[in-house]
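Only one structure is covered here, and it is reproduced in the block below.
The values are calculated or read from the model by the stated rules, or taken from the named source; none is laboratory data. Remember, predicted model here, so these are calculated numbers, not experimental data. Here the Cβ is made from the backbone with ideal geometry for all residues, glycine too, and neighbour counts use every protein chain on show. These accessible areas exclude ligands, DNA and RNA; they are computed on the full protein's heavy atoms, side chains included. Shrake-Rupley method; radii C 1.70, N 1.55, O 1.52, S 1.80 Å.
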Amino acid sequence: MYNYLDFEKPVADLEGKILELKKLSESGEAVDVGDEVTRLEKRSKDALRDIYRALTPWQKAQVARHPDRPHCMDYVQALFTDFTPLAGDRAFGEDQAVVAGFARFKGQSVAVVGQEKGNDTQSRLKHNFGMARPEGYRKAVRVMNLADRFGIPMISLVDTAGAYPGIGAEERGQSEAIARSISTCLGLKVPNISLIIGEGGSGGAIAIATANLVYMLEHSIYSVISPEGAASILWHDSTRAKDAATNMKITAQDLHQLKVIDGIIPEPLGGAHRRPQAAIEAAGETIEKGFADLAQMNTDYREHRREKFLAIGRTL
Amino acid sequence: MNWITNYVRPKINSMLGRRDMPENLWIKCPETGEMVFHKDLEDNQWVIPASGHHMRISARERLKFFFDNGKFETLENPKAPVDPLKFRDERRYTDRLRDAKSKTGMEDAIVNGVGTIEGREIVATVQDFSFMGGSLGMAAGEAIVKAFETAVERELPLVLFAASGGARMQEGILSLMQLPRTTVALDRLKEAGLPYIVVLTNPTTGGVTASYAMLGDVHIAEPGALIGFAGPRVIEQTIREKLPEGFQRAEYLMEHGMVDLVVSRLEMKETVARLINILLKSPLEDRIEEVTAKNDVAPAKSPESAEANAASN
């Protein structure tokens, strides 16, 4: 039924049993399994709650990367109407790791920028697993500038392991493209909100995540380097990613405590992949409330954003 | 000390040169293997005369070479939280920090100086690779922000010498946050109409290039400097093929449009001063007078004045 993560094994076993019992009952081989199913369902729910209440940072990383987790386009399709994606950086090409365009959110015009990882082999290849090349960031910059010109608020949906490390990406200025994207995003005169929906991987994430309000989903992660990358540098052993994840403070809860993000969006029991619709709805509510709060502030959004980022770390 | 530190440290020390090994009078050129007398090398700003290979230099030396008569005012670096993540790998991060401090005599990887180049007053901010690989953490980020703020306050151009392996992993997300933080500071300098010149030195990689090091009005690189976002090893592992000759070197970046000029360290001051003077439309006559005035005083690399200055700081 689900792609179970290895630490979800107790739940997988229970849910497997429930499924079996239901099948038996349907085929008429067993009578009155109702009580047993109810009992097992309660047990499995309790197990799930216990597991998810105590997820370790490394387990969170696995949930954040879960293949069934809702991705950028799932949010776009559920939360916006009239979504019109724009393509290309007007310099070299089109990078489908980055989704960028305009849409309506609750009827209002918004700009949308995000990274899409894809859901199956074909779409993953198409979106390069959410790892953007310079063209992707330059397309994002284009849309940010357009949003600013027309006074349209922006929403960014962050979900990337990081920017793509390749020869072409380096030659075409991956670093400059990210730097420019950070600068453009920070300099927006319109209000913006950023959501880390899965993985917030390093420079590739921060490129579009400097917002007036930054939120993370409950089981998403956000880090300076992937746990695997950190482990291979610190211990010359990428299999120690678990230790790196624990040390680096990458969970939404840690980042909220470090005052790097403004809030946490709750996920349904067992993670966003169990009930994507519920996670997306919660995200939508957060965005709506966020923009309402920002509108009430009625401030210089660029200055607000700049001061907010300058203040990070100063009060720890 | 494990075998890694044993293996790596002497290598870095030999590049930095004499501080720890006064007996080591001859230095080997990493490119040609030629042996060069250390005094000749120092007089040549640690550029091997024959091969033109640029050796790594400390932030303080850089400032001494760069500013007129080796004189400058050192800006005091702001305090930043230390080890907010309580990070440890094999060792505690606080222990690593302590070692880096005692090894380099620095508080962190950034030194900010205010002084003149060819008579023009500027702020220079220099990253020192010998302090934990020049990595960008909260203290370094705060020091860079301070440099830009000082430049805006005093209405001075800013020249930044980048040298870094990237963000400091031991500070996790807070080191990543230095990308936007430094960017805010440099954007404000640009908005104040002041020039921001970046000098990319060997090596400048990772998060540093994804922020202030690639947002200069003009990008100058030292010859042969390794400059890139992803490290060569990471790229090789990802694509599983050999990288092209000269990949991510200064000249390669210039060819691909990411760097304006590749300039020898020996000509850096003159080049930067010329650019800044043109950008700020300072009249030619003023400059000539200043240069003449400068030539009347002591030669540029007077060690006494530099030492005296260092002591007074």
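Brief remarks on what is shown
- Some residue of region B:88-96 being surrounded by 15 or more Cβ atoms within 10 Å (Cβ to Cβ) and of a type in the set (S, T, N, Q): no
- The residues listed here are B:Met177, B:Met169; of these, the one that is at pLDDT below 95 and more than 18 Å from B:Arg60 (Cα to Cα) is B:Met169.
- Check on A:Glu285, modelled with pLDDT of 95 or more, in a helix (DSSP H, G or I) and either more than 11 Å from every other protein chain (Cβ to nearest Cβ) or buried (at least 20 other Cβ atoms within 10 Å of the Cβ) (or both): yes
- Filtered residue count, region B:12-50, keeping only those that are part of a loop (DSSP other than H, G, I, E, B) and either open to solvent by 40 Å² or more (accessible area, probe 1.4 Å) or at pLDDT below 75 (or both): 12
- Restricting region B:171-203 to residues that are more than 20 Å from A:Phe309 (Cα to Cα) and not hydrophobic (A, V, I, L, M, F, W, C), the residue that is farthest from the chain's Cα centre (by Cα): B:Gly193
- Members of region A:23-42 found to be in a helix (DSSP H, G or I) and either touching a Leu at 6+ places or on another chain (Cβ under 6 Å) or open to solvent by 60 Å² or more (accessible area, probe 1.4 Å) (or both), listed by number: A:Lys23, A:Leu24, A:Glu26, A:Asp35, A:Glu36, A:Val37, A:Thr38, A:Arg39, A:Leu40, A:Glu41, A:Lys42
- Qualifying residue in region B:173-191 (condition: crowded, with 24+ Cβ neighbours inside 10 Å, more than 7 Å from every other protein chain (Cβ to nearest Cβ) and in contact (Cβ under 8 Å) with a residue 60 or more places away in the chain): no
- Enumeration of residues in region A:147-184 that are surrounded by fewer than 21 Cβ atoms within 10 Å (Cβ to Cβ), of a type outside the set (D, E, K, R) and not in a loop (DSSP other than H, G, I, E, B): A:Ile167, A:Gly168
- Every pair of residues 6+ apart whose Cβ atoms lie under 6 Å, when the first sits in region A:299-316 and is at the interface with chain B (Cβ under 7 Å from one of its Cβ atoms) and without any contact (Cβ under 8 Å) to a residue 40 or more places away in the chain while the second is β-branched (Val, Ile, Thr) and surrounded by 12 or more Cβ atoms within 10 Å (Cβ to Cβ): A:Leu310/B:Val184
- Meets criteria (touching a Ser or Thr at 6+ places or on another chain (Cβ under 6 Å) and under 24 Å from A:Pro70 (Cβ atoms)) for A:Ile287: no
Let's see how each residue does on (1) part of a helix (DSSP H, G or I); (2) touching a Leu at 6+ places or on another chain (Cβ under 8 Å); (3) under 27 Å from A:Ala231 (Cα atoms); (4) small (Gly, Ala, Ser):
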| residue | (1), (2), (3), (4) |
| --- | --- |
| A:Thr84 | no, no, no, no |
| A:Phe92 | no, no, no, no |
| A:Ala100 | no, yes, no, yes |
| A:Ala103 | no, no, no, yes |
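- Residues being of a type outside the set (Lys, Arg), closer than 17 Å to B:Glu149 by Cα and under 24 Å from the mean Cα position of the chain (by Cα) - total across region A:295-309: 1
- Residue within region A:164-176 that is on the phi > 0 side of the Ramachandran plot, within 12 Å of another protein chain (Cβ to nearest Cβ) and modelled with pLDDT of 95 or more present: yes
- Scanning region B:265-283 for residues that are open to solvent by 60 Å² or more (accessible area, probe 1.4 Å) and either part of a helix (DSSP H, G or I) or in contact with an Asp or Glu (Cβ under 6 Å, 6 or more places away or on another chain) (or both) yields B:Leu266, B:Glu267, B:Glu270, B:Arg274, B:Ile278, B:Leu279.
- Among the residues of region A:178-218, those identified as small (Gly, Ala, Ser), farther than 22 Å from A:Met73 by Cβ and over 15 Å from the mean Cα position of the chain (by Cα) are A:Ala179, A:Ser183, A:Gly187.
- A:Met144 being within 24 Å of A:Val224 (Cβ to Cβ), touching a Gly at 6+ places or on another chain (Cβ under 9 Å), open to solvent by 30 Å² or more (accessible area, probe 1.4 Å) and not hydroxyl-bearing (Ser, Thr, Tyr): no
- B:Gly172 assigned to a helix (DSSP H, G or I) and in contact with a strand residue (DSSP E or B) (Cβ under 8 Å, 6 or more places away or on another chain): yes
- In region B:101-110, the qualifying residues are those that are out of contact with any Asp or Glu (no Cβ under 7 Å at 6 or more places or on another chain) and within 27 Å of A:Ala311 (Cβ to Cβ), and the one that is surrounded by the fewest Cβ atoms within 10 Å (Cβ to Cβ) is B:Glu107.
- Members of region A:124-141 found to be part of a helix (DSSP H, G or I), open to solvent by less than 30 Å² (accessible area, probe 1.4 Å) and more than 16 Å from A:Ser202 (Cα to Cα), listed by number: A:Asn128, A:Glu135, A:Lys139, A:Ala140, A:Val141
- Members of region A:186-243 that are assigned to a loop (DSSP other than H, G, I, E, B), touching a residue at least 60 places away in the same chain (Cβ under 8 Å), surrounded by fewer than 24 Cβ atoms within 10 Å (Cβ to Cβ) and within 12 Å of another protein chain (Cβ to nearest Cβ): A:Gly187, A:Leu188, A:Ser226
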